[in-house]
Amino acid sequence: MDNRILTHASVLYLPHSDYIDGGMAHKPRKIRGYFPLSVATGIIVLIVLAIVAPQAPWLIWVALAVLATCAFAMNRDIERAKRDAKPAPVATEPVRVQPEGPSFQEVLRAIPDPVMIVSGVEPNDIAGRWIIFANTAAREEFHITGENGLLVSSLRNPEVLEAVDEALFGGIRRDTVFETSGAQDKFWRAWTSPLPVREGARRLSLLVLRDETDIRRIERMRADFLANASHELRTPLASLTGFIETLRGHAKDDIKARDKFLNIMAAQADRMGRLIHDLLSLSRIEMNEHVPPSGEADLSLAARDVMDSLSILAQEKGVSLTFTGPAPGSHPLIADRDQILQVVQNLSDNALKYAPRGSQIELEILTDRTLEQAIAARDPSASKLVLLRPDRRDDFYTVIRVKDHGPGIRREFLPRLAERFYRVEGQKSGDKLGTGLGLAIVKHIINRHRGGLVVESVALPSTTDKDLLAYDLPDTVTIPSDNLITYTAFSAYFPQPRRPKA
Amino acid sequence: MNTHIVKTYGEELDQLSAEVVLMGGLAEAQVADAVEAVARRDVALAQSVVVRDQKLDELEKDIERKCIRLIALRQPMAADLRKTVAAMKIATSLERTGDLAKNIAKRSMVIAEAEPMSPLTRSIERMGKLVSSRLRDVLDAYKSGKLDMAMAVWSSDTEVDEHYNALFRELLTYMMGDPRTISACTHILFMAKNLERIGDHATNMAEHIHYEITGEDYVEDRPKSSTF
């Protein structure tokens, strides 16, 4: 109670300009709330004074007069501030496109590109830019809630804010390009243009945004594809040319060598084919990465399909595949069926590549996990790294975990795993060389589905590095190697559309 | 948003956090631009980052002044006081972030003169992206007052450390392989260290947000893998 009066008192003696500053009230109605209260409190105090100390009644009258002047001045300032702060005068009868048609505001709301109207009073008050209108697209894209919000809390890119200021106070039209990053990068072009204001200190500006992610992605994809293709195809091509030279030259009549060379050439051509296939599918996936998937897919079904297709290959290698998880059809996901299949396929392919003869590959599906549970490490002694995490959190996730008992991957190699063409040093992937794109494809697909990817691994501690480098990573797990079970496990998790049954 | 009877007081507080968010946006852009300058060997962009750093310094001073004025004139209590103090602390962290970004930009100008070392600058780019996302998340958490979001940033700092360690090894191999790359590699190493420091500032900011919202210090031990 005391505190409140004190604050009122301090307000009364602040210079007037303060009200105008604060007059950018986004809810000016509330100002009225305390005004009669402060005056009433003052009068009560004075009346009490008049009763208690009647010796100098003129003093009370003087004080009353001062109070009245103050109240009058304050009222005037508040009225002025309110006039300035009031949202753009909304005509009681909105202007309509046709007498029976929609109002212009409704038309603006229906525009698919985000449109905002921004107001500002003082150039120096850099944070004081308010969104006084935002259409539906803008509200969705930039998370605007409520009526009048601060511009900076929805959009904080300095270049756009600068452009808005230029439109507000310099009357300059401009367009700027900016990027909002997240799990999915988005490119925007923002147009700013001043709007005419009839009276008052408030200035208005129009801010129109357009999503240019598609165009930029196509550009980038083309550049990336060319760079990757030309770089990665060079090695197999060089080896092909080399063998052709040899076959033309001194190996011409050597039947044994010819057969051998032709085999190698076939393998190289095969690798080139796979590389092009993977590069193309990676490009395709990247193109659609910002488009959320539609359709339904089932992880259990995908796992079963993959296990069927891999069974012959696994038998040849003497590796057994096991599956634990719910029955197919019980936990459908909102997902692209083919892409989900590819995730499971690539992860299982990888596992099969590194699994030693006679070992087991475990596929496991876990449902109704929270984000924390999905990410959490299963085995505290393993090195774990989150390769991808969603920037939005859903309530529940379905996790697929593919575990092989291969040599494992040492901790220091984990961060770069999902990078394209990255190969872990000294790791042999068997006779059939991969393209180095499998995990990159997996990562992009999962990102499109707003899921995440975690890798856990236990590997033999390094021996060569200690001689090579003068330090030892303190985190490297050093367990006697004779009873160390090495493994690598990838867990991909996808948002689950359904809540679990309580 | 706030329930102060004296509206200007509440507005001053809102204004304060809006200015911190604004400053955050600027710091974010500085980090992103500095990293891009490294990746694209863009000297002009690096220079603009160096010049723009002054704006961050000014904003920090401005926020500090406003906080002190607010404390002096309004004597904020409880949540308001925490909000004020957190704004001041976050502004300081953001200013430091800006300094580190400036340093990255300066170093990028030096390595732009040397031979391109794309695998290494790509690593910097990747790390920069990770750190930027951390910064973005923490600012989003501040803006919307979401405690769980701030804590998610706080607990995932090991990823940045992990990247730093990986890059450190990579650099060592490079330098041992070809001593002519030592000077450029050293610059890249410092860049990586700066990025790692920016990640630390993001976790600090997450702690300030925790303090602002709950009024308690975050005492739990931060998951940390040691770096060099």
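No lab work stands behind these numbers, since they all come straight from the coordinates. Since the structure is predicted, the reported quantities are computational estimates derived from the model, not experimental observations. Glycine also receives a Cβ, built like all others from the backbone with ideal geometry; neighbour counts cover every protein chain displayed.
A compact table of results
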| read-out | value |
| --- | --- |
| Residue-count net charge about A:Lys186 - beta-carbon cut-off 12 Å; Lys, Arg +1, Asp, Glu -1 | -4 |
| Peptide A:151-162, shielding by other chains (average Cβ, 10 Å cutoff) | 5 |
| Sites A:Arg80 and B:Arg40 - FRET efficiency at Förster radius 60 Å, r taken between beta-carbons, to 0.05 | 0.70 |
| Virtual paramagnetic centre 7 Å along Cα→Cβ of B:Asp62, amide N under 16 Å, in the range A:145-171 | A:151-153, A:156-170 |
| Extension gain from A:Thr136 to A:Ile244, taking 0.36 nm per residue of separation minus the Cα-Cα distance | 32.6 nm |
| Peptide-level mean, for B:170-181, of C-beta atoms on other protein chains within 10 Å | 1 |
| Pairs beyond 22 Å (Cα-Cα), from A:Lys443/B:Lys129; B:Lys106/B:Lys129; A:Lys443/B:Lys106; B:Lys61/B:Lys89; A:Lys384/B:Lys146 | A:Lys443/B:Lys106; A:Lys384/B:Lys146 |
| Averaged over B:124-131, number of beta-carbon atoms from partner chains that fall within 10 Å | 1 |
| Förster radius 45 Å - calculated FRET efficiency between A:Ile47 and A:Thr145 (Cβ-Cβ, nearest 0.05) | 0.45 |
| For the range A:213-291, alpha-carbon Rg and Dmax in angstrom | 17.7, 57 |
| Spatial separation of Cα centroids for the range A:321-399 and the range A:237-266, in angstrom | 43 Å |
